[in-house]
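The values are calculated or read from the model by the stated rules, or taken from the named source; none is laboratory data. Keep in mind the model is a prediction, meaning the values are calculated, not measured. In this analysis, Cβ positions are derived from the backbone assuming ideal geometry, glycine residues included, and neighbour counts consider all displayed protein chains. Ligands, DNA and RNA are stripped out before the accessible areas are found, and what is left, the full protein with its side chains, is counted by its heavy atoms. Shrake-Rupley method; radii C 1.70, N 1.55, O 1.52, S 1.80 Å.
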Amino acid sequence: MTETPSSTQPCLTLAIDNGVALITMDRPHAMNAFDRTQRELFQSALLSADADAQVRAIVITGAGKAFCAGQDQHESAAMDAAGSAARIDSYMALYEVLRALGKPVIARINGVAAGAGLQIALMADLRIASTQARFGMTEFKVGSAAIFGSTLLNSIIGEAAMKRLVLLAEIVPAAQSLALGLVHEVVDDARLDERVAEICAQMSQWSPTSVAITKSWWKEMGDEMFAKAAAAARRGHAINFASGAYSLGARKFTERKQAKPAGI
């Protein structure tokens with residue numbers, strides 16, 4: 001096994017073993033909710049893994065009991081307009097990297113995936129969930145607009161199911177998520193690592209060139225919609241922030257949680 005320099009950071013690790021790059025979001029005290037540092041390290045780890053000729057598959061997961069609970073609302077509550085705009089840009093840059101990866105990406109979903117965490121999972125090529133996994137597009141709970149998340153959900157599970165998840169801000173258990181098509185497989189928690197390893201071993205047999213060409217076409221198929229969603233996100237989140245809804249929602253959320261983990 002080899003480890004990259006990013007594995008020395010406290011909030012994310014990247015380990016490469018037998019052709020598999022394992023990227024672990026590692027803020028378990030905050031249910032792996034994204035702050036700026038973790039977003040930046042996550043993007044760097046993806047690029048590093050994709051550039052490594054020995055890597056045949058990339059697995060993303062979360063430390064502890066969560067996959068990723070979304071955006072860190074402590075960060076949101078303290079943000080000004082410029083910071084909010086910069087954060088949207090950073091998410092769009094991260095999503096562009098995810099879309100452009102030439103290696104197959106598997107989301108190993110061990111617990112809750114909500115908000116931005118669900119978006120990360122939805123951008124993976126395969127989603128393999130534990131029976132302990134739960135899913136939600138819970139943006140309205142913190143006064144945020146659900147723009148990019150709605151776009152991803154609509155293309156994967158359809159308009160009716162997307163609108164229910166967004167408008168009710170439901171947290172959906174693993175079995176229901178499988179029925180909706182949010183995930184590709186649900187396996188017993190004890191077998192999650194074994195199943196992900198089986199999938200990686202199978203994909204390691206494929207020509208890296210063939211996989212990369214195919215993934216490039218997948219990206220091209222979605223380029224127009226991604227560009228529209230990115231523009232709508234920048235525009236909509238700026239309006240939402242200016243209205244005060246997001247800042248107020250984030251503050252209320254952090255007050256409710258007090259010393260509990262951050263995130264949606």
Mind checking which of Arg127, Arg164, Arg99 has the largest fluctuation in a GNM of the chain, springs on alpha carbons under 10 Å? Arg164
Select one label from (1) 0.94; (2) 0.98; (3) 1.33: the one whose number is Rg/Rh (Cα atoms, Kirkwood Rh) as derived from the coordinates shown. (1)
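With a Förster radius of 25 Å, plug the Cβ-Cβ distance of Ala82 and Asp223 into 1/(1 + (r/R0)^6) and report the FRET value to the nearest 0.05.
On the way: r = 28 Å, r/R0 = 1.13.
E(calc), rounded to 0.05, equals 0.30.
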If one compares the long axis through the Cα atoms of helix 245-257 with the longest principal axis of the Cα atoms of the chain, the angle in degrees, nearest 10, works out at 80 degrees
What angle do you read, to the nearest 10 degrees and between 0 and 90, between the alpha-carbon axis of helix 81-100 and the longest principal axis of the chain? 20 degrees
If unit charges are put on Cβ atoms (+1 for Lys and Arg, -1 for Asp and Glu) and the dipole of the stretch 12-257 is taken about its Cα centre, the option from Ile128, Ala160, Val20 lying farthest towards the positive end turns out to be Ala160
Taking Cα atoms, the helix 208-243 axis meets the longest principal axis of the chain at an angle in degrees (rounded to 10) of 10 degrees
Computed from the beta carbon distance with a Förster radius of 41 Å, FRET efficiency for Ala190 and Ile213 to the nearest 0.05 stands at 0.65
So for the chain, taking the charge dipole from beta-carbon charges (+1 Lys/Arg, -1 Asp/Glu), which of Gly143, Leu94, Ala49 sits furthest toward the positive end? Gly143
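For the stretch 88-143, which whole-number percentage of the solvent-accessible area (1.4 Å probe, protein heavy atoms only) is attributable to carbon and sulfur atoms? Don't jump to the answer; show the numbers that get you there.
Numbers: 690 of 1280 Å².
Looking at the stretch 88-143 in its full context, I get 54 percent from C and S.
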Ala57 long-range amide H proximity, modeled H, under 5 Å: Ala21
Evaluate E = 1/(1 + (r/R0)^6) for Gln176 and Ala197, where r is the Cβ-Cβ distance and R0 equals 22 Å; express this FRET efficiency to the nearest 0.05. 0.25
17 Å cut-off, amide nitrogen to a point 7 angstrom out along Arg99 Cα→Cβ, residues in the stretch 47-73: 47
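Give me the number: length gained by fully extending Ser204 to Ser155, i.e. 0.36 nm times residue separation minus the C-alpha to C-alpha distance, one decimal in nm. Could the numbers behind the result be given before it?
Working: separation 49, 0.36 × 49 = 17.64 nm, distance 2.76 nm.
The Ser204-Ser155 span can extend by a further 14.9 nm.
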